[in-house]
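> Please find one structure pasted underneath; my questions will follow.
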Amino acid sequence: MTIPAFGSTTTSTRDAMDADTSDVGASKPWPAPDISPEAVAALDTYKKRDPSKVVVRFKAVGNAPIMKQNFYKITASNRFQAVIQFLRKELGWKANDPLFTYINLAFSPAPDDTVSNLFKSFCTDGHLIVNYSTTAAWG
C-alpha cells in the first residue's frame, strides 16, 4: 500500500520571514554587524524546513464521514493547521462547517503545534492518529 503525501497549502511564518524585505526601509542591513556568527548560524538553521515526513492516520468519530484513504504522509515541519485544512478539503467541508480534531482520542491540539512535536510526543505504532468529528466528542 502506498501512502500519498500532501503538501502544505499555507504560507508559514518562516516562509514570510524569507520574503524579500529590501524595500521596507530598514536602517541596518541584515545581518546586523553586531550579531555573532553563531547567532546567524542558529537563525539560518531555524529557517530551514525539516524535509522528513510523518505518517498521519485519520479516524472518524461519531457521525463523521469515513475517508476512503486513511493514511497520508505530511512534512513534519508543517503546523497542525495544515492537517486541518487538508482534512477539510478531503471531506469537502467548507470553512464554516464544524470540524473537531483530536490526537489519540484524548485532546485537541492547537493549530500552531508542529506535526513533528505531536508525532514525537503522541505517535502510536509509527503513526500520528488524528480523530475527527462533526460534534465535540471530548472536552
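The values are calculated or read from the model by the stated rules, or taken from the named source; none is laboratory data. None of these values were measured; they are calculated from a predicted model. Glycine also receives a Cβ, built like all others from the backbone with ideal geometry; neighbour counts cover every protein chain displayed. Note: areas computed on protein heavy atoms with side chains; ligands, DNA, RNA excluded. Shrake-Rupley method; radii C 1.70, N 1.55, O 1.52, S 1.80 Å.
> Is there a residue being touching a residue at least 12 places away in the same chain (Cβ under 8 Å), closer than 12 Å to residue 56 by Cα and within 16 Å of the chain's Cα centre (by Cα) anywhere in region 89-101?
no
> In region 71-116, what residues are of a type in the set (A, V, I, L, M, F, W, C), closer than 20 Å to residue 52 by Cα and assigned to a loop (DSSP other than H, G, I, E, B)?
Answer for region 71-116, where residues must be of a type in the set (A, V, I, L, M, F, W, C), closer than 20 Å to residue 52 by Cα and assigned to a loop (DSSP other than H, G, I, E, B): just 76.
> In region 80-115, what count of residues is obtained for those that are touching an Asp or Glu at 6+ places or on another chain (Cβ under 8 Å) and open to solvent by 30 Å² or more (accessible area, probe 1.4 Å)? Can you show your working first?
Taking region 80-115 as the starting set, the residues that turn out to be touching an Asp or Glu at 6+ places or on another chain (Cβ under 8 Å) are 80-81, 88.
Applying the additional criterion that residues be open to solvent by 30 Å² or more (accessible area, probe 1.4 Å) yields 81, 88.
Number of matching residues: 2.
> Just for region 67-79: of the residues that are open to solvent by less than 40 Å² (accessible area, probe 1.4 Å) and closer than 17 Å to residue 113 by Cβ, which one is nearest to the chain's Cα centre (by Cα)?
Only one residue fits best here, namely 78.
> Moving on. Quick check on residue 41: is it part of a loop (DSSP other than H, G, I, E, B) and out of contact with any Lys or Arg (no Cβ under 6 Å at 6 or more places or on another chain)? Talk me through it step by step, then tell me what you get.
Values: part of a loop (DSSP other than H, G, I, E, B): no; out of contact with any Lys or Arg (no Cβ under 6 Å at 6 or more places or on another chain): yes.
So residue 41 does not fit the description; no.
> Would you mind stating whether residue 36 is open to solvent by less than 80 Å² (accessible area, probe 1.4 Å) and touching a helix residue (DSSP H, G or I) at 6+ places or on another chain (Cβ under 9 Å)? Don't jump to the end; show me each part of the working.
Numbers: open to solvent by less than 80 Å² (accessible area, probe 1.4 Å): yes; touching a helix residue (DSSP H, G or I) at 6+ places or on another chain (Cβ under 9 Å): no.
So residue 36 does not fit the description; no.
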